[in-house]
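Contents: one structure, followed by commentary.
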Amino acid sequence: MMARTPKVVEDRREHILEVALTVFSEKGFSRTTNNDIARAAGITPGLIYHYFENKDELLGAIVETRSPLGLMRSLPPERLDMPPELFLKFLLVQVLGIVEGETCVKLLRILLPEALHNAAVIEPIRSQLLGQVVSFLRSYYTHQIELGNICQTDPTFLAHLTFSCLVGFVTRRQIVGDPTVAQYSHEQLATLITETIVNGIKPH
């Protein structure tokens, strides 16, 4: 029997997460059972419970590891001193590269239907993702106001505005398949969003 070294444990956990992401995106979160995931992963259902208490915790772990949250946590503090015209473009290019990848598109296909039809189930995940992203952006904008790089305004609203721009474009490009916005590269989209936001928050 293979010893349960930390690497074996982590590899098995990652395998469960990857398979669950695929099964959730194909069947829908609410219709998927742990038996479905176990069958697709080639393991027993009991092994899933060794790593995750329930299906909700499993989805939460997918959000934590497959969304841009990790990128935001890993940014060095000095990045937050960058002015918005540089920082926002840098951040948006990086985030677009993550959220428009196959893994994150699968995650969007899981979360959007649940948000429409099963809001109570998805609420903790929505709060987890939205709360952490908005908190990160709010902290950045608050710091920039203190530095005098942007005018006095509501940093929470700015955080929501930035997040909404990103989600709106990604949804139209990846879920709706709107060709009018699919034509832009990540660099172009990040530049246009950044210029639009920065022009509205420059010090007067």
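Bear in mind these aren't lab numbers, they're just calculated from the coordinates by the rules spelled out. These numbers were taken from a predicted model, which means no experiment stands behind them. Positions of Cβ are generated from backbone atoms using ideal geometry, with glycine treated the same way; all protein chains shown enter the neighbour counts.
What Kirkwood radius, in Å to one decimal, follows from the Cα pairs of region 87-138?
So the Kirkwood estimate lands at 12.2 Å.
What distance in nm separates the simple spin-label points at THR33 and THR153, each placed 7 Å from Cα in the Cβ direction?
A separation of 5.1 nm, rounded to one decimal place.
If you scale each eigenvalue of the Cα gyration tensor by 5 and take the root, what three semi-axes come out for region 6-59, rounded to whole angstrom and sorted largest first?
Over the Cα atoms of region 6-59, the semi-axes work out to 17, 11, 10 Å.
Let me check the size of the chain from its C-alpha atoms; what are the radius of gyration and Dmax in Å?
Computed over the Cα atoms of the chain, radius of gyration and Dmax are 19.2, 69 Å.
Rank GLN183, GLN94, GLN174 by mean-square fluctuation in a GNM of the chain with C-alpha springs under 10 angstrom and give only the top-ranked residue.
GLN183
With only Lys, Arg, Asp and Glu charged, each at its Cβ (+1 for the first two, -1 for the last two), find how big the charge dipole of the chain is about the Cα centre; round to the nearest 20 debye.
For the chain, the charge dipole is close to 360 debye.
Compare the Cα positions of ASN118, GLN188, GLY200 along the charge dipole of region 67-201 (+1 at Cβ of Lys, Arg; -1 at Cβ of Asp, Glu; about the Cα centre) and return the one farthest towards the positive end.
Final value for the positive-end residue is ASN118.
Which value in deg cm²/dmol, rounded to the nearest 500, describes the helix-derived mean residue ellipticity at 222 nm for the chain, given -39,500 (n - 2.57) per DSSP H run of n ≥ 4 and division by the residue count?
-24000 deg cm²/dmol
Go ahead and collect, in residue order, the members of region 23-49 whose backbone nitrogen is under 17 Å from a label point 7 Å along the Cα-Cβ direction of VAL9.
Taking a point 7 Å out along Cα→Cβ of VAL9, the residues of region 23-49 whose backbone N falls under 17 Å are 47-49.
Between region 37-59 and region 111-155, how far is it from one alpha carbon centroid to the other, in angstrom?
What the calculation gives is 30 Å, centre to centre.
Pick from THR153, THR103, THR162 the residue whose mean-square fluctuation is largest in a GNM of the chain, springs joining Cα atoms under 10 Å.
Sorting by GNM fluctuation, first place goes to THR153.
Considering only ARG173, ARG79, ARG138, give the residue with the highest GNM mean-square fluctuation for the chain, with springs between Cα atoms whenever their separation is below 10 Å.
ARG79
Specify whether the C-alpha gyration tensor of region 62-116 places it in the rounded, prolate or oblate class, a ≥ b ≥ c being the square roots of the eigenvalues: rounded for a/c under 1.5, otherwise prolate if a/b is larger than b/c and oblate if not.
prolate
Taking a cut-off of 18 Å, what percent of all Cα-Cα pairs in region 31-92 are separated by more than that?
Roughly 54 percent, once rounded to a whole number.
Bin all alpha-carbon pair distances of region 34-144 at 5 Å intervals from 0 and give each bin's fraction as a whole percent.
The percentages, shortest bin first, are 2, 10, 17, 19, 17, 14, 9, 5, 4, 2, 0.
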